[in-house]
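**Student:** Okay, handing you the structure first.
Read-outs throughout are calculated quantities, based only on the coordinates presented, and are distinct from any laboratory measurement. It should be emphasised that the depicted structure is a prediction, and the values quoted were computed from it without experimental measurement. Positions of Cβ are generated from backbone atoms using ideal geometry, with glycine treated the same way; all protein chains shown enter the neighbour counts.
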Amino acid sequence: MISFENHAFKGMDESLKRLFTLQISMAAEIEQLIALLPRGLEVADPQSFQQAKMIDKEINAAEVATDKLVAETINKYTPMGEELRFVLASVKTAGILERTADKIKNCIKRLAKVNHPLDATVRTQLERGVNAVRAMLPKALNQTIDYQDDIAQQVLAHGTEAQDSYKRVLLQLHHHQPAQVASDATHILLMAKNLEQAADMAIEIMKIGHYVNFGTKYEKHKNDV
């Protein structure tokens, strides 16, 4: 577990804490975006997209603040070892979180454009994808400071769930959707794909956590999901 205390420079302790706090705040904002999706699965709600754009601005600002704080921390304190890995990884993690937010925002935008009610099977599979991504993100992010193999397996399992939901949406649309709602099918398919990509990004954050804690690249094992 990475410690944010008792370094030679007290300011470094505070910088490390602030870096992780920024990441936590970005994840919390993404959770707010995800919370807008269930309603969008029930009814078209253009207002949700306006709300999503406001949340996204906060996430973008946190990414910029992360980049600035990383530069300041390296210049002032010259971190080494796992602290240096954590500081450098914060830039990449923040970038991934920002892109994850874009994927969720895109889902909200597309849901506001489709005709409702959605096909029952499609709605169920999209809900699976939403729930998988929602469960993954906090677990993946915590791996950065406290990597645990069993949590990594949970993240991978949720990722498999999101991937399977995308495949099932694709099959449902291919076999059952009538031609006159082709535009709806495109929006729904891209939403499912965005959820799958968001899940992949959470897995990438989990892998970054492995590198931060151990200094080695994550290697998939035979028992990995």
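**Student:** At q = 0.13, 0.15, 0.18 Å⁻¹, what log₁₀ I(q)/I(0) does a Debye calculation on the Cα points of the chain give, no solvent, two decimals?
**Tutor:** Reported log10 I(q)/I(0), two decimals: -0.76, -0.94, -1.19.
**Student:** Just name one of Leu171, Ile59, Leu141: the one whose Cα is farthest towards the positive end of the charge dipole of the range 10-214 (beta-carbon charges, Lys/Arg +1, Asp/Glu -1).
**Tutor:** Leu171
**Student:** Right, here's the next one. Karplus couplings for the range 123-128 from phi (6.51 cos²θ - 1.76 cosθ + 1.60, θ = phi - 60°), rounded to Hz, Gly and Pro as x?
**Tutor:** So the J values, rounded to whole Hz, are 4, 4, 5, 5, 4, 4.
**Student:** Could you go through the range 89-103 in sequence order and give the Karplus-derived ³J(HN,Hα) for each residue, using 6.51 cos²θ - 1.76 cosθ + 1.60 with θ = phi - 60°, rounded to whole Hz, and x for Gly and Pro?
**Tutor:** Karplus values, whole Hz, x for Gly and Pro: 5, 4, 5, 5, 4, 4, x, 5, 4, 5, 5, 4, 4, 4, 5.
**Student:** State to the nearest 20 debye the size of the charge dipole of the chain about its Cα centre, where the only charges are +1 on K and R beta carbons and -1 on D and E beta carbons.
**Tutor:** It comes to approximately 460 debye.
**Student:** Could you list, in their original order, any pairs among Lys105/Lys207; Lys17/Lys103; Lys17/Lys53; Lys139/Lys220; Lys139/Lys207; Lys92/Lys139 whose Cα atoms are separated by more than 20 Å?
**Tutor:** Lys105/Lys207; Lys17/Lys103; Lys17/Lys53
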